[in-house]
Structures are given as structure tokens and as C-alpha cells.
Amino acid sequence: MPRILELKGVNSFYGNIQALYDIDMHIDRGEIITLIGANGAGKTTTLMTVCGVVQARTGEVIFQDEPITRINPEKLVARGVCQVPEGRLIFPELTVQENLDMGAFLRNDREGIRRDIDMCFGLFPILSARRRQQGGTLSGGEQQMLAIARALMAKPKLLLLDEPSMGLAPLVVRQIFEIVQKVNEEHNTTIFLVEQNANLALKIGHRGYVMENGRIVLTDTCDKLLANEQVKKAYLGL
Ligand code: ATP
């Protein structure tokens, strides 16, 4: 399968503090990649480095065979790299419908936008029922759904999801993960999933990476990671 994203020897910093050390990773088109690790391991920084919010000081980020290491997030959205940040960050004052419209801000194909809004309502029927409600009045799970749907409105080729399960009830988390899988399978979207809920994330991912203290310490298929003694002890609570 052709490679969609590659990180080669990436080192990222916050000021003088180094957060990522020599990160090598790749994602093939059509995959769900899971990145797991403890609090502060560097997972969010890895996503931020891919979507251009943090720029790698050294090393390279390559998307569809072109370097994107120094490209700003807005240009990356136009190329098909979209992030759903941790904490969701929808527009609380805008309605569900308006939030979705915002996700399409770089597009001007009105028919396509309307079709994609319908596609989002198909994936998340609850959002359709709440389309005229302000985003801030939705439950946490609904806001997470809206954040994902809004990102889908930009027609991403690569969707970056930062801890979609955070603070949500297990049943809602399962629903969201099922939809993530559907987006991957039916909408041809490659997914880079960062999660602390290692158990669920490894169940929907194809391959995974384990991060500790800013370094990738282990990578394998998700099946093998789920069976790995070290992963079981450190991340699956077994
Ligand atoms: P979490 O699950 O808590 O989000 P994480 O694995 O995503 O953890 P990062 O948020 O990437 O980890 O943090 C990696 C390291 O970088 C941590 O040591 C953190 O304290 C540091 N860090 C993160 N953001 C900043 C910042 N804006 N300024 C300075 N240091 C930061």
C-alpha cells in the first residue's frame, strides 16, 4: 500500500525543552494507526508536529511524497490533513449546522458541501436531530461527534484524532470508535489515532506505536501489541 505519511528522525521542542526524540513512523493509505503512551509521553506533540502547529526542529515530515515539515496548519487542511484536537474545541455559540459549515471553510462546491453535511448526519444521526442547537449545549459525546464531523467536512485524506475518548462514558466511546472505523472503511480516510484508552484503540487500529518519554519504544500490528506482555502490563491494566 502506498505511504501517505512518514516521519523521519523528527525532533520537536517547546522552547528549550525537547518533547520528541528521533521519531520514525509511517502510515500507509487506508490504515488506522494507533499511538499509545502515558500522560506526557509526547503523543499530542507528535500530532501537532504532523499538522504543523509545532514545527520539527530537525527531521522531516512527508505527506504524499512531499515534505510538509514547515507548512502551516491551514495549508495542510487544504492538502487533506485535518486534526480533531484534544478537548474537541467546537464553536459553542454556533449551531451544529454552522459548526459543520465552518469545517468546509476552504471549499466552495456548494453541492458537495450539502452532500457531505448529509453524509455527516448519516454517520451521526443525533447531530441531525440537534442541527439547530448551539454546540455548547450538546453533551460531551455529542460535541466529540460534532468535532469529528466538522473535520470530515474538510474532506480529509488523513484524519488526526487526539484522545477522542477523553472524559466520555464507555458506551459513548464505543459508539465513537465504531464511527471512526466506518469513516476509515467507507469514506476512504486514513486515520492517526492518539489514545490513552489503549485497549479500545488497539482493537480498531491496524498497526500501533508505543511512546515513552518522547520516544517510540515499540511498534507492531495492533493484534500483536494487544498480546504483548509489556503492553498488557503497562497500558492494558492486565
Ligand atoms: P497527554 O496525554 O497528557 O496529552 P501526551 O503524550 O500527549 O500527553 P504531550 O502533550 O505531547 O504528551 O507532552 C509531551 C511533553 O511536552 C510533556 O513533557 C509536556 O509537559 C511537554 N509539553 C507539552 N506541551 C507543552 C508546551 N506548550 N510547553 C512546554 N512543554 C510542553
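The values are calculated or read from the model by the stated rules, or taken from the named source; none is laboratory data. What you see is a predicted model, and the numbers here were worked out from it, not measured in a lab. All Cβ positions, glycine included, derive from the backbone under ideal geometry; neighbour counts span all protein chains shown. Just so you know, the surface numbers come from the protein's heavy atoms only, side chains and all, with ligands and any DNA or RNA stripped out. Shrake-Rupley method; radii C 1.70, N 1.55, O 1.52, S 1.80 Å.
Below are the figures for this structure:
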{"quantity": "Test: residue in segment 110-123 that is more than 24 Å from Cys51 (Cβ to Cβ), open to solvent by less than 60 Å² (accessible area, probe 1.4 Å), out of contact with any Phe, Trp or Tyr (no Cβ under 8 Å at 6 or more places or on another chain) and not small (Gly, Ala, Ser)", "calculated": "yes"}
{"quantity": "Qualifying position, being touching a residue at least 24 places away in the same chain (Cβ under 8 Å), farther than 21 Å from Gly30 by Cα and basic (Lys, Arg), among Arg150, Arg132", "calculated": "Arg132"}
{"quantity": "Residue check for Gly87: more than 16 Å from the ligand (Cβ to nearest atom), in contact (Cβ under 8 Å) with a residue 60 or more places away in the chain and assigned to a loop (DSSP other than H, G, I, E, B)", "calculated": "no"}
{"quantity": "All positions within segment 173-182 that are surrounded by 17 or more Cβ atoms within 10 Å (Cβ to Cβ) and either within 12 Å of the chain's Cα centre (by Cα) or within 18 Å of Cys222 (Cα to Cα) (or both)", "calculated": "Phe177, Val180"}
{"quantity": "Test for Leu171: is it within 16 Å of the ligand (Cβ to nearest atom), out of contact with any Leu (no Cβ under 6 Å at 6 or more places or on another chain), modelled with pLDDT under 95 and not in a loop (DSSP other than H, G, I, E, B)", "calculated": "no"}
{"quantity": "Matching residues in segment 42-58 - criterion: being crowded, with 22+ Cβ neighbours inside 10 Å, in a loop (DSSP other than H, G, I, E, B) and within 12 Å of the ligand (Cβ to nearest atom)", "calculated": "Gly42"}
{"quantity": "Any chance Leu89 is within 14 Å of the chain's Cα centre (by Cα) and open to solvent by less than 50 Å² (accessible area, probe 1.4 Å)", "calculated": "no"}
{"quantity": "Verdict on Glu163 being within 14 Å of the chain's Cα centre (by Cα) and on the phi > 0 side of the Ramachandran plot", "calculated": "yes"}
